[in-house]
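To start, the structure itself, in structure tokens.
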Amino acid sequence: MGGCCCCFPAHKPPRENPMHPVGEPLIRHGSSSTAYRMITYNEGLSAVDRLKAGFRTFKTVIYDHNPKLFGPLKAGQSPKYMVFACSDSRVCPSVTLNLKPGEAFTVRNIASLVPAYNQKIYSVGSAIEFAVTILKVEYIVVIGHSCCGGIRELLSLKDDKPRSYHFIDDWVKIALATKKKVERENSLLSFDDQCTVLEKEVVDLSLRNLRTYPFVMDRLASGRLKLIGARYDFVHGRFETWHP
Ligand SMILES: [Zn+2]
């Protein structure tokens with residue numbers, strides 16, 4: 001977000017730009033609809049050169065060919081979605097959900113957790129407030145995922161074990177009561193299967209926690225905002241959603 005001029009839009013572009021319908025792909029390769037492909041780079045590139053090469057590809061393949069999308073975005077943003085996703089490098093929602101620039105205001109953190117309203121947790125609270133009160137997003141989507149390291153750490157926490165990390169344990173403890181419930185109700189399941197259950201239960205906890213933010217409740221009550229739970233399973237290539 002930073003302090004750039006585009007963050008507080010004086011002009012909001014249309015939510016679904018009629019000049020560039022949501023269904024229109026950003027990348028076209030020939031006539032095949034399945035021709036989206038990832039680009040690989042020479043492994044000998046330095047870290048910085050790899051980033052620059054990636055930007056050059058984005059600039060020439062996407063940015064320069066979609067002025068109807070990027071033009072209005074110079075003046076402001078009007079995303080329909082706020083998305084919570086894990087920081088895990090395998091689950092970038094812009095990639096997995098094919099979200100275009102301007103479509104989703106995104107927060108990524110360990111285990112895609114939303115803490116309950118707490119004015120001392122500035123980062124998440126300010127992002128929700130910005131998305132809901134300024135951008136007026138229509139949907140908040142919380143996405144869990146398979147093999148989540150944050151969820152595994154949460155499920156590994158023991159009452160009699162000192163914390164292992166400076167920050168991670170305290171962060172995932174936001175869902176400590178949910179972890180204990182899952183352990184209680186699924187004691188016959190393996191650790192991995194308990195993790196799978198907990199991945200979804202933690203999404204539901206985050207959805208409940210969203211309702212503790214007064215500005216979220218205001219817009220939910222008036223029907224201008226909806227919540228969506230989701231899980232991306234990258235082991236089996238599946239994506240499921242549900243309404244709380
Ligand atoms: Zn994760």
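Things to note:
- Dividing the convex hull volume of the alpha-carbon atoms in the stretch 123-244 by its residue count gives 122 Å³ per residue.
- Phi-derived couplings, Karplus 6.51 cos²θ - 1.76 cosθ + 1.60 at θ = phi - 60°, listed residue by residue for the stretch 223-237: x, 8, 9, 10, 10, 9, x, 8, 9, 9, 9, 7, 6, 10, x Hz, with x used for Gly and Pro.
- Relative packing of peptides 108-115, 162-169, 220-227 - highest average C-beta neighbours within 10 Å first: 108-115, 220-227, 162-169
- Between the stretch 192-217 and the stretch 58-131, the Cα center-to-center distance that results, in Å: 19
- Placed amide H near F105: partners under 5 Å, 5+ positions off or other chain: Y81, M82, V83
- Peptides 42-53, 205-216, 74-85, ordered by how many other C-beta atoms sit within 10 Å of their residues on average, highest first, read 74-85, 205-216, 42-53.
- Taken along the Cα-to-beta-carbon direction at a fixed 7 Å, the label points for L188 and K59 span 6.1 nm.
- Per-residue 3J(HN,Hα) values for the stretch 84-89, derived from phi via the Karplus relation 6.51 cos²θ - 1.76 cosθ + 1.60 with θ = phi - 60°, read 9, 9, 6, 6, 3, 5 Hz in sequence order (x marks Gly and Pro).
- Between H166 and R208, the FRET efficiency estimated from the beta carbon spacing at R0 = 30 angstrom works out to 0.65.
- Förster radius 25 Å - calculated FRET efficiency between L157 and F239 (Cβ-Cβ, nearest 0.05): 0.30
Each reported figure results from applying straightforward, stated rules to the coordinates on display, with no laboratory input. All of these numbers come straight from a predicted model, not from anything done at the bench. Quick reminder, even Gly has a Cβ in these numbers, built from the backbone with ideal geometry, and neighbours come from all protein chains shown.
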